[in-house]
Structure formats: C-alpha cells, structure tokens
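Enquirer: I have a structure I would like to understand better, so I am pasting it below and will then ask my questions one at a time.
The values are calculated or read from the model by the stated rules, or taken from the named source; none is laboratory data. Everything quoted here is computed from the prediction, not taken from an experiment. Cβ placement follows ideal geometry from the backbone for every residue including glycine, while neighbour counts extend to all protein chains displayed.
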Amino acid sequence: MLKASFFNRDACLVAQQLLGKIIRRKHQGHWLAARIIETEAYYMEEKGSHSSIGYTEKRKAMFMPAGTIYMYYARGKDSLNVSCKGKGNAVLIKSAYPFFDKFSDANALQIMQQLNPTISGSTRSIDKLCKGQTLLCHSLNLKVNEWDQQQFDAKKFYIDDIKNLPGKIIQATRLGIPAGRDEHLQYRFIDYDFARFCTSNPLTKRNWVENNHYKIYAYPRLIKQ
C-alpha cells in the first residue's frame, strides 16, 4: 500500500510514478484490481484545476493532507483523484487496465463486468472496462459518497506498488479543459505500452505530431511547464 509520503510530492511527479501501480478494491469479499495507465496532474495555480477558485467544502479533499482521496461527479458519474503536496494540488486517475494476480484472480473480471455493463446491458470488453475515469470507478465500485475526503484502507481500497514500471511515458495535454483554462499544459501522462487502452490515444490522433502535440520519453522524468 502506497504511503501518504508517496503523494506528498509534486503532482506531475506523482502522476508519472502512479503509472504501473495497482488499484486494489475489495467488493463483496473479492479483490478487484486494475493497473493505472493514464493520469493527469492539477495545481491550484492554474485555471484547469477545480481548486483554482480556492477552497470550497465540495473540494475540501484537495486541501487536505497529501494522500487524501478526492472524488467528484464527472457528468454525473464518479471520478477518482488523490491530493498531492501543496494545497489544492491533486492527480486524477484517468484510466486503468484490469489486473489479475494471486490476490485478484480471473473471477474478478466477471465481477467487474457485472458492475459496469454497457448502456444496452451487454458485457463490456476487458479493453474498455476502465477506459476513462468514470468507467474505472464503475468497474471497481468506487463511489463519491463513500470515499471522498477519506484515506486509503488496506482492508478495502488502496494503491499497491508491485514494482511494475512503464518502459516509456507519453506526455500530452489534459482532456476536457475549456479554452482559456490553461488547456495547453501538458500534464497528462500515459503508459506507452497501454496507450491504445487510454481515454484518447495521442499516437493515433489525426494531425498530432510527436514533440509538438505530445512527447515520448523514458521513465521516470519530472516534467512541468
């Protein structure tokens, strides 16, 4: 289980070093798990962050000690973040990929699919179960009303480090940032080997050029503009 000290560092560094870490969530006696493949860093000093307007009760978790869970509704659905060093700074866990080991066996996949069916009610494919912040939360049964402003719990929900490091990282602009809200900042980080499973793959985006719209580099490296 990652300690609070892991999160008590610069948000961009935390965002990069969360790649490859495993989210573990116990649901009805079964451990579900997903490998983090996409993150976004946010700072109070920039306009893209929820905390840019200052402290509010709704965003209290972003001002609590590093390692505090911050959950909010994105288009009416749950979204997972963790506070980092500095008031108002946090990392959004954007996408993950189902993970199986001795703690979370293949039965966990069926449970995650039951938790997160498609709109039509059919079974969602493994590639799309955690493709996006709200799908991730649905697949792991993470709810705003249960976990916002809480600490990780080794018996119920935590992030694990199994020393599974990405070989390369893609750095790009964050998604969904309105014009004029520091949308140019490249604070999104993606595990290169899992790019096809992230929310929006920069490598296949039409007219996007490497070293202009996105960068690729060896892990780890601290990038902040």
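Enquirer: Restricted to the stretch 124-142, and to residues that are surrounded by 13 or more Cβ atoms within 10 Å (Cβ to Cβ) and not in a helix (DSSP H, G or I), which residue is farthest from the chain's Cα centre (by Cα)?
Expert: Arg124
Enquirer: Here's another thing I want to ask about it. Under the condition of being modelled with pLDDT of 95 or more and of a type in the set (Gly, Ala, Ser), which residue from the stretch 34-83 is nearest to Lys94 (Cα to Cα)?
Expert: Within the stretch 34-83, the match that is nearest to Lys94 (Cα to Cα) is Ser79.
Enquirer: Let me ask you something else. Quick check on my filter: what residues within the stretch 166-206 are part of a loop (DSSP other than H, G, I, E, B) and among the hydroxyl-bearing types (Ser, Thr, Tyr)?
Expert: Thr173, Tyr187, Thr199, Ser200
Enquirer: Search the stretch 131-149 for residues that are under 15 Å from Ala108 (Cα atoms) and pair each with any residue that is among the polar types (S, T, N, Q) and surrounded by 19 or more Cβ atoms within 10 Å (Cβ to Cβ) when their beta-carbon atoms are under 7 Å apart and the residues are at least 6 apart or on different chains.
Expert: Short answer, once both residue conditions are applied: Leu136/Ser95; Cys137/Ser79; His138/Asn116; Ser139/Asn116.
Enquirer: From the list Ala41, Ala34, which one is over 20 Å from Arg174 (Cβ atoms) and in contact with a Cys (Cβ under 7 Å, 6 or more places away or on another chain)?
Expert: Exactly one residue qualifies, and that residue is Ala34.
Enquirer: For Gln151, indicate whether it is surrounded by 12 or more Cβ atoms within 10 Å (Cβ to Cβ), of a type in the set (S, T, N, Q), in a helix (DSSP H, G or I) and at pLDDT 95 or above.
Expert: no
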